[in-house]
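Each remark here refers to the structure printed beneath this line.
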Amino acid sequence: MARILVGVTGGIAAYKACTLVRLLVRAPHDVYPIVTEAAARFVAPETFFALARTTPRRDAYPHLERADLLVVAPLTANTLARLAHGLADDVLTEAALAHDGPVVVAPAMNVRMWQHAATQANAEILRQRGVVFVGPAEGELAEGEVGPGRMAEPEEIAEVVARELAGASPRASSSLAGRRVLVSAGGTREQLDAVRFLGNRSSGSMGVAVAEEARRRGAEVTLLAANLAVPVPTGVTVVETPTAADIEREALARADADVVIMAAAVADYRPAAPETAKRAKDGSSWTVELTPTTDVLAALGANRTDRQVLVGFAAESAGNGLERAREKKVAKSADLIVFNDIGRSDIGFDTAENEVVLVSNGAEQHIAKAPKRRIAAAVLDEVERIMATR
Ligand SMILES: Cc1cc2nc3c(=O)[nH]c(=O)nc-3n(C[C@H](O)[C@H](O)[C@H](O)COP(=O)(O)O)c2cc1C
């Protein structure tokens, strides 16, 4: 399974891109549509997201979505020109500039537009750069003229995509092939009464990025999801674990995974005696006794095998957090602790970016502030490095 960006631009053939998205999803691939404003006049973007079984990214960097391949179908004369000249004036062209893998395009336009010297020169620039063209096919065009300009059939485009993926860097999609990876993400909620809970600010975006990246590298991924505020990634098995007790039970049941990455913010304490009904407001104070929850990372560390790679996250907000992360690594028998300073407002909880220190066996690596996808890639690079030493 590969991650594919499908760009859809503004021509009549946009409706055929629906079939392309379906074929790629069925392959199966993890598809993320990027629909230009002009294309949205022909087919509503929601259609593509529904067919791709995903939702639009709401963070600040939708154009930095990492993918194994970018396919643009249909490709208008306008976007062809923008790609050739490196313009970046919408999410699709920004994503194209940020993408460093194979690019497949299926032009579709009026025959005179296609044959115009400007369009031909632009197409040549893209070909020189290694962009793969499918079509345009000859035939009757939507406006009644005949000639080259029709978009290639979705089946043919899907075949070219498959061929390009097969020839692409194997590392991107298979370095964790055959490995079972367990990831926890989000923040637990501990019941106070029938409607209230004690929670935390974790959105789950960091753990979800790790799960997505592991899947992108070919792993069989199970995600323990604690009240995620971000969409669940496609292609991973999701187990809902809203409370610390749920995470404990489901993580220990899967403790034989090859890689375990505990990124969720799990409550350290839960109300000792949660009320079953909603506590009525009566003006008096309410004292709640909190009791410690099980330390899931320590429990996993106590039961781990030598072959397993065990990773914990340490979110510290004050003082010698890094020192505490080092101690945590030893105390929990973990191979790697990802330390992040949640005292800062620009990184960590509820933000699109993070900056971490990877505290590993004998080595510490500072990963500068970057989108969480990049941080996830750095974490998994380190996991793979540790695996290679086993
Ligand atoms: C009804 C209609 C059909 C169109 N079909 C095409 C087409 O097939 N190919 C093309 O290059 N432009 C076509 N256009 C023009 C594009 O929509 C226009 O150039 C737009 O700016 C492209 O924006 P985009 O690059 O975001 O797709 C069409 C316009 C209209 C109104």
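The values are calculated or read from the model by the stated rules, or taken from the named source; none is laboratory data. Just so we're clear, the structure is a prediction, and the values are computed from it rather than from any experiment. Counting neighbours? That spans all protein chains shown, and the Cβs are built from the backbone with ideal geometry, glycine included.
No other residue among 88, 81, 121, 77 is over 28 Å from residue 27 (Cα atoms), within 10 Å of the ligand (Cβ to nearest atom) and surrounded by fewer than 20 Cβ atoms within 10 Å (Cβ to Cβ) apart from 81.
Residues that are more than 23 Å from residue 7 (Cβ to Cβ), away from the ligand (no atom under 16 Å from the Cβ) and without any contact (Cβ under 8 Å) to a residue 24 or more places away in the chain occur at least once in region 162-170. Is it fair to say residue 208 is part of a strand (DSSP E or B) and either touching a helix residue (DSSP H, G or I) at 6+ places or on another chain (Cβ under 8 Å) or of a type in the set (Val, Ile, Thr) (or both)? Against the criterion (part of a strand (DSSP E or B) and either touching a helix residue (DSSP H, G or I) at 6+ places or on another chain (Cβ under 8 Å) or of a type in the set (Val, Ile, Thr) (or both)), residue 208 does not qualify.
Residues are listed down the side, and each one gets a yes or a no for (1) among the polar types (S, T, N, Q); (2) exposed (fewer than 14 other Cβ atoms within 10 Å of the Cβ); (3) outside the structural domain of residue 62 (by TED's automatic domain parsing); (4) under 30 Å from residue 98 (Cα atoms):
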residue: 293; (1), (2), (3), (4): yes, no, yes, no
residue: 321; (1), (2), (3), (4): no, no, yes, no
residue: 328; (1), (2), (3), (4): no, no, yes, no
residue: 335; (1), (2), (3), (4): no, no, yes, no
residue: 382; (1), (2), (3), (4): no, no, yes, yes
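If I filter region 285-298 for residues that are at pLDDT 95 or above and within 21 Å of residue 179 (Cα to Cα), do I get at least one hit? Looking for residues that are at pLDDT 95 or above and within 21 Å of residue 179 (Cα to Cα), one finds at least one in region 285-298, hence yes.
Of all the listed residues (94, 37), the sole one being in contact (Cβ under 8 Å) with a residue 12 or more places away in the chain, over 26 Å from residue 236 (Cα atoms), surrounded by fewer than 17 Cβ atoms within 10 Å (Cβ to Cβ) and within 16 Å of the ligand (Cβ to nearest atom) is 37.
Among the residues in region 348-367, are any under 21 Å from residue 208 (Cα atoms), assigned by TED's automatic domain parsing to the domain that holds residue 255 and out of contact with any strand residue (DSSP E or B) (no Cβ under 9 Å at 6 or more places or on another chain)? Looking for residues that are under 21 Å from residue 208 (Cα atoms), assigned by TED's automatic domain parsing to the domain that holds residue 255 and out of contact with any strand residue (DSSP E or B) (no Cβ under 9 Å at 6 or more places or on another chain), one finds at least one in region 348-367, hence yes.
Residues in region 15-34 that are within 14 Å of the ligand (Cβ to nearest atom), over 20 Å from the mean Cα position of the chain (by Cα) and surrounded by 17 or more Cβ atoms within 10 Å (Cβ to Cβ): 16, 17.
In the set (1) buried (at least 20 other Cβ atoms within 10 Å of the Cβ); (2) under 25 Å from residue 230 (Cβ atoms), residue 56 fails one condition alone, (1). Count of region 160-176 residues, restricted to those that are in a helix (DSSP H, G or I) and either buried (at least 18 other Cβ atoms within 10 Å of the Cβ) or modelled with pLDDT of 90 or more (or both), is 7. When the residues of region 296-320 are narrowed to those that are small (Gly, Ala, Ser) and assigned to a loop (DSSP other than H, G, I, E, B), which ends up farthest from the chain's Cα centre (by Cα)? Filtering first and then ranking leaves 319. Residue 288: more than 17 Å from residue 360 (Cβ to Cβ) and not in a helix (DSSP H, G or I), yes or no? Yes, satisfied.
Consider region 98-112 and keep the residues that are touching a residue at least 24 places away in the same chain (Cβ under 8 Å) and out of contact with any strand residue (DSSP E or B) (no Cβ under 7 Å at 6 or more places or on another chain). The one that is farthest from the ligand (Cβ to nearest atom) is 98. At least 1 residues being in contact (Cβ under 8 Å) with a residue 60 or more places away in the chain and of a type in the set (Val, Ile, Thr) is the threshold, and among the strands (runs of 3 or more DSSP E) wholly inside region 229-276 those reaching it are 259-262. For region 40-54, the criterion of being within 13 Å of the ligand (Cβ to nearest atom), touching a residue at least 12 places away in the same chain (Cβ under 8 Å) and in contact with a strand residue (DSSP E or B) (Cβ under 8 Å, 6 or more places away or on another chain) is satisfied by at least one residue.
Answer yes if at least one residue in region 219-227 is touching a helix residue (DSSP H, G or I) at 6+ places or on another chain (Cβ under 6 Å) and either surrounded by fewer than 23 Cβ atoms within 10 Å (Cβ to Cβ) or more than 13 Å from residue 184 (Cα to Cα) (or both), and no otherwise. No.
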